[in-house]
Amino acid sequence: MPHRTALWVALAAAIVGALALTVSLRASQPHEPSAGRLLVGAYVHLKDRPFKDPVAPEDLAALEARIGPLDLVHYYLTWGRQFEEVRTPNLDEHEVMLSMKPNGDLVQRIVAGDQDDYIDEFASDVRDFDRPVHIRFGHEMNGHWMTYSAGNPHGPSAKQFVAAWRRVVDRFRAEGADNAVFVWSPNEDDFPARDGNRMEDYWPGEDYVDIAGFDGYDWASTKPQRGDGKDRSFEEVVRGPYERLTRLTDKPIWVCETGTTDPGKAEWIRDMFATTAFPRVTAIVYFSEDEQRDVQRDWRIDSSDESAAAWRAGVAAHRAEAAAAERAADRATSDDVDRTP
């Protein structure tokens, strides 16, 4: 009967279309782990190895052999480099976050449109990758050490930064790069703390951000003094910026850069994974670098066997709890279905 055949063909086409739409929507959404599952990532540099992004696959494998698998790798990508440069075997089993700094007068040039060709090419390559790519444009914009900060004597205004951010996002969308996940990430505090340089001044709006994050470190009292020169727990580092972000937006919150140093690193890491104070934090990305550069701090996760073991145990315990919560949620859903008349 031809009319029934036509009906089944139409029904099949509708199902395929719905499935395709579902896949498309999922690809464009930020990574939100199920049942409280925390996404765990790191910027990776091994002692006595070159400072290079992307990190060499063998270096990433060496770290994971000591601390266990990471969900995400973090790279700093100089403006002008191509997305194809980061497509190494590291991305076979990891998500990626790319920090792209619009140094110098790039904010003004982006707003003027003379960076559109580069942005469009990068966006089209991200689109063709067809997996989530987390783009962290202009991080720590409220810190005077960034040339694109309004706190820098030669920097743009916060309004110019917002205009540049929106133009980048608009160009990605125009290229169909729905798998680009935009991570807005100020410093934990404002330097200098004045109107026009507060993190809120740089907020581009709900429609232009997928994830709200921040950077915050325990600089510790180790000499020479860096940062605030104080010993702070993970909760003390996170509490202030977390409260500001929860007032600003309903987006998922990421700790995009964090770290601590010895003595006390292992205990600090254990406390980081044990805290339940920040229910909207869905990812922690650690800064695992040694002291060879001017930070003069050994931030590495595996700077000692004890700190490496603390990380491995903390991640394992968290993942076990998340898996148990997911199973409980599945059982509750199944029970609800069984009770449905």
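Quick look at the numbers
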quantity: Residues TRP145 and ALA65, FRET efficiency given R0 of 41 Å [Cβ-Cβ distance, rounded to 0.05]; calculated: 0.75
quantity: Estimated [θ] at 222 nm from DSSP helical runs (n ≥ 4, -39500 (n - 2.57)) normalised by residues in the chain, nearest 500; calculated: -13500 deg cm²/dmol
quantity: Length-normalised contact order of the chain in % [C-alpha pairs under 8 Å, at least 6 apart]; calculated: 18
quantity: Restricting the range 225-298 to trypsin sites (Lys or Arg not before Pro) in coil, as DSSP defines it, with at most 14 other Cβ within 10 Å; calculated: LYS230, ARG280, ARG293
quantity: Exposure proxy ranking, count of Cβ atoms within 10 Å, fewest first, for HIS134, HIS318, HIS45; calculated: HIS318, HIS45, HIS134
quantity: Square roots of five times the Cα gyration tensor eigenvalues for the range 49-123, Å; calculated: 30, 12, 10
quantity: Gyration tensor (alpha-carbon) shape descriptor, the chain, a/c threshold 1.5; calculated: oblate
quantity: Exposure proxy ranking, count of Cβ atoms within 10 Å, fewest first, for PHE122, PHE278, PHE234; calculated: PHE278, PHE234, PHE122
quantity: Fluctuation leader among ASP114, ASP231, ASP330 - the chain, Gaussian network, Cα springs under 10 angstrom; calculated: ASP330
quantity: Additional length obtainable on full extension of the chain from GLU267 to GLU121, 0.36 nm per residue less Cα span; calculated: 48.1 nm
quantity: For a label point 7 Å along the Cα-to-beta-carbon line of SER233, residues of the range 273-305 with backbone N under 18 Å; calculated: 273-281
quantity: Net +/- balance of residues flanking ALA65 in space, Cβ distance below 12 Å, scoring K and R +1, D and E -1; calculated: -2
quantity: Virtual spin-label span in nm between GLU306 and ARG226, 7 Å along Cα→Cβ; calculated: 2.1
quantity: All lysines inside 18 Å of LYS230 as judged from Cα atoms, apart from same-chain residues fewer than 8 positions distant; calculated: LYS265
quantity: Shape category assigned to the range 137-288 from the gyration tensor of Cα positions, a/c cut at 1.5; calculated: oblate
quantity: Extension gain, ALA320 back to GLN108 (0.36 nm per residue minus Cα-Cα distance, nm); calculated: 71.6 nm
quantity: Contour minus Cα-Cα distance for ASP48 and ALA174 (0.36 nm per residue); calculated: 41.1 nm
quantity: Only Lys, Arg (+1) and Asp, Glu (-1) charged, at Cβ; the chain dipole about Cα centre in debye; calculated: 440
quantity: Cα-projected label distance for GLN296 with GLU85, points at 7 Å along beta-carbon direction, nm; calculated: 3.0
quantity: Centre separation in Å (Cα based) which lies between the range 50-124 and the range 137-208; calculated: 18
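Every number here is computed from the coordinates shown, using simple stated rules; none is lab data. Predicted model, so just to flag it, every value in this text is computed and none were measured. All Cβ positions, glycine included, derive from the backbone under ideal geometry; neighbour counts span all protein chains shown.
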